[in-house]
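Worksheet for the structure shown next.
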Amino acid sequence: MNIQGKVVIVTGAASGIGQATAYLLAEKGAKVIVADLDANRAQEVSQAINAKGGDSQYFQIDVTSYEVNQKLVDFTIEKYGHLDASFLCAGIMQLSRLSDIKVDEWDRQIDINLKGVMYGIAAAMPVFKEQKHGHLLTVSSIAGLHPFIDTGAYCASKWGVRVFMEVIRRESADEGTNIRTTTLYPGDIDTNLTAHTTDEAIKAGLEKVYEEVAIPADRVAQAIAFAIGAPADANVSEITIFPTKQVI
Ligand code: NAD
C-alpha cells in the first residue's frame, strides 16, 4: 500500500474514527495533521504520534467556518509543501423525533456534518486542481443510505455528503483532475458519537444497541488506509462497514 510520505489532513481527529485513523496512517508513514475543535485533545494525539517516531502537527478548527478550513490547508502547505488527502471526519449526531421540531439541533448537524464537509472540500480543491491529484475522504453513515425513525436531520446531513461526493467523483473524472473520492458508510462504531443526543429516552435506546453490537473505530480506519493506499488509478469510492452482529 502506498501511504508512506503522504500528507493527510484528518478533521475530527481528537476522538473516535478520526483519532484511530490519524494513528493508523501515521504508523504507515503518513504525515498527519490532527485537526479538531478540541485543541487540547488534538495536541495530545499529535504528540502521541510524534512520540512514536511519526510526523504530525495539530490544528484547532471549527469546520463550520470556511475561512478556518482554508487556514488549515494553508497551514498544511506551509508545513509540508503539498497535500495528498483530506479525511473530513468531524461530525455530531443528535437524534430526535422531527415532530419535536428541535431546529437548533437540525441546524447544528447540517452545519457540521454537511456544510463542514463541503467547506473542507472547497478549501482543498484549489490545491488538488493545481497538483492534478488529491484524495477527499468523508464519513457518511448507514444513515446516509437508509432513512431511520428519530434520525431525520442526521440522515439528511449524511445523504447530502453522499450525493456531494459522488458528483465530485464524476466531475473530477470528467475534468481529468485525478481527484479521488471515498465515502464511508459505517454502522455502529464504538466512539463518543452517542453522547450528544438530548432526548434521554432515544439516547438510552441508542446506547443499549451500541453496547450490544458496536465495533472499534480502528475497523473504519483500516478501510480508510486501504482507500488511500490503493493505486492512483483506482478510486475506492464507497465502503460500507457493519458490525457483523448488526441487523440495520
Ligand atoms: P466522536 O464524537 O468520537 O468524534 C467526533 C470528533 O469531531 C470529536 O473529536 C469532536 O471534537 C469533533 N468535532 C465535532 N464538531 C466539530 C467541529 N465543529 N469542528 C471540528 N471538529 C468537530 O465520533 P465519531 O463516531 O468518531 O464520528 C466521526 C464521524 O463518523 C462523524 O461524521 C459521524 O457522523 C460518523 N459516523 C460515526 C458512526 C458511529 O457509529 N460512531 C457511524 C457512522 C458515521
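Restricted to helices (runs of 4 or more DSSP H) entirely inside the stretch 1-83, those with at least 1 residues that are open to solvent by less than 40 Å² (accessible area, probe 1.4 Å) and closer than 29 Å to residue 214 by Cα are 16-27, 39-51. Just to be sure, is residue 173 in a helix (DSSP H, G or I) and within 16 Å of the ligand (Cβ to nearest atom)? So residue 173 fails the test. Count of the stretch 94-146 residues, restricted to those that are assigned to a strand (DSSP E or B), under 13 Å from the mean Cα position of the chain (by Cα) and not hydroxyl-bearing (Ser, Thr, Tyr), is 4. Looking at the stretch 195-221 only, could you name the residues that are touching a residue at least 40 places away in the same chain (Cβ under 8 Å), surrounded by 14 or more Cβ atoms within 10 Å (Cβ to Cβ) and more than 12 Å from the ligand (Cβ to nearest atom)? Correct list: 199, 202, 203. Among the residues here, residue 157 does not qualify as open to solvent by less than 20 Å² (accessible area, probe 1.4 Å), away from the ligand (no atom under 16 Å from the Cβ) and assigned to a helix (DSSP H, G or I).
Just one residue in the set 148, 128 is at pLDDT 95 or above and more than 30 Å from residue 201 (Cα to Cα); that residue is 128. Just one of the listed residues (247, 236, 163) is under 19 Å from the mean Cα position of the chain (by Cα), without any contact (Cβ under 8 Å) to a residue 60 or more places away in the chain and surrounded by fewer than 15 Cβ atoms within 10 Å (Cβ to Cβ), namely 163. Scanning the stretch 47-74 for residues that are away from the ligand (no atom under 13 Å from the Cβ) and among the hydroxyl-bearing types (Ser, Thr, Tyr) turns up just one, 56.
On the stretch given as the stretch 1-38, residues that are near the ligand (Cβ under 10 Å from one of its atoms) and either more than 21 Å from residue 190 (Cβ to Cβ) or of a type outside the set (Val, Ile, Thr) (or both) total 12.
The values are calculated or read from the model by the stated rules, or taken from the named source; none is laboratory data. Keep in mind the model is a prediction, meaning the values are calculated, not measured. A quick note on method: Cβ atoms are made from the backbone with ideal geometry, for glycine too, and the neighbour counts reach across all protein chains shown. Quick note on the areas: whole protein, heavy atoms, side chains included, nothing else; ligands and nucleic acids left out. Shrake-Rupley method; radii C 1.70, N 1.55, O 1.52, S 1.80 Å.
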